[in-house]
Every structure is written in structure tokens, then in C-alpha cells.
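> Sharing a structure, written as C-alpha cells. Questions coming.
The values are calculated or read from the model by the stated rules, or taken from the named source; none is laboratory data. All figures in this text were calculated on a predicted structure; none of them were measured in a lab. Here Cβ is always computed from backbone atoms with ideal geometry, including for glycine, and neighbour counts include all displayed protein chains. Remember, those area values only see protein heavy atoms, side chains included, never the ligands or the DNA or RNA. Shrake-Rupley method; radii C 1.70, N 1.55, O 1.52, S 1.80 Å.
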Amino acid sequence: MSEPAALLERYRQASLRIVTAESCTGGMVAARLTEIAGSSDVVERGFVTYSNEAKTEMLGVPSALLSQYGAISAQVARSMAEGALSHARADVAVAITGIAGPGGATAGKPVGLVYLAVARRGGETKVERQHFSGDRKEVREAAASRALELLDAAIE
């Protein structure tokens, strides 16, 4: 797991800023980063886009993408990360969308399914699919921890 204070220091040294776009984690990644004193020079902003409407209105995720693939998809995670970058003055974005449970699962999209994306301004967007086990709290914690790891990897 990436230590938030060390992560912030690495970004500070590189003069890079972070934006988060969170759905199932409800702001947990931004909270972990901003509980560190002095984080305001690295964390530019965080979007909590729980509903499809919020994803469209705040991040510019096309409603057609949501209709075609669903909110829990690689395509929407990518669009969330890229949309966060385009709506912020940041250099790196991380996005999380998933099913924390206990409800919400569908055929092919079980509880614990999470898509994460990290986008770097001027670079490629990386998306990954994870399936975390446990209850709602454990899925959300695991997704937030993985998001911090992805932010850490994005600076290398």
C-alpha cells in the first residue's frame, strides 16, 4: 500500500498535482490524501460522481458511453479519469467506479468488481479491472488503496 504522506512528497518534488474522480469510494482517496497537512499544494480537487448524471455533468462522461457499457466499465473509468483532467488544473487523475455491495450486482458484474483508471496529462490513460473480496467497507478500502498505488506508479 502506498503511504499517502510519501506519495504527496513525491508529487511535490516533481511539481505535479492530483485530481480524483470517485464513484464507489465516495471521496475516500481524496480524504486519505487531504488528511495529511500541507496536501493542498498537491491535491488540486476531487470529484465525487456517484450518479450517472454527476459523471456526465461534472466529468463530461458521455451518456451514450454509460448507456452502452454501464457505469461499472473500463470505458467509463477511462472517461472519468480523462474528464477529471480536463476539468481540473492537475497533472494526474485517478478514477474509481465499481460495485461495493451488498446490492447492485448484475450478471457479469459481481459485487467487488471495480475499474480504476489513471491518466497523466500528455500521456496515456491506463485502466485496470479488479475484483475485491469482502463486505462493502472492505471493497471500498481496497479500491482506495489500489488507487493510491496507481497514483504512485504514475509518477515513475
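> Given the conditions (1) closer than 17 Å to Tyr50 by Cα; (2) modelled with pLDDT of 95 or more, and given that Leu85 satisfies all but one, which numbered condition is not satisfied?
Unmet for Leu85, out of (1) closer than 17 Å to Tyr50 by Cα; (2) modelled with pLDDT of 95 or more: (1).
> In the stretch 58-87, how many are closer than 16 Å to Val19 by Cβ and not aliphatic (A, V, I, L, M)? Lay out the reasoning, then the answer.
Taking the stretch 58-87 as the starting set, the residues that turn out to be closer than 16 Å to Val19 by Cβ are 58-61, 77-87.
Restricting the remaining residues to those that are not aliphatic (A, V, I, L, M) gives 60, 78-79, 82-83, 86-87.
Here the count works out to 7.
> Of everything in the stretch 96-115, what is more than 19 Å from Leu8 (Cβ to Cβ) and of a type in the set (A, V, I, L, M, F, W, C)? Give them in sequence order.
Ile99, Ala100, Ala105, Ala107, Val111, Leu113, Val114
> Continuing with this model, one more query. Identify the single condition in (1) open to solvent by less than 10 Å² (accessible area, probe 1.4 Å); (2) assigned to a loop (DSSP other than H, G, I, E, B) that Leu116 does not satisfy, given that it satisfies every other one.
(2)
> Within the stretch 119-156, which residues are in contact with a Cys (Cβ under 8 Å, 6 or more places away or on another chain) and either of a type outside the set (Val, Ile, Thr) or assigned to a loop (DSSP other than H, G, I, E, B) (or both)?
Arg140, Ala143 - these are the residues of the stretch 119-156 that are in contact with a Cys (Cβ under 8 Å, 6 or more places away or on another chain) and either of a type outside the set (Val, Ile, Thr) or assigned to a loop (DSSP other than H, G, I, E, B) (or both).
> Taking the stretch 48-65, which residues are over 21 Å from Arg140 (Cα atoms) and either β-branched (Val, Ile, Thr) or touching an Asp or Glu at 6+ places or on another chain (Cβ under 7 Å) (or both)?
Within the stretch 48-65, Thr56, Val61 qualify.
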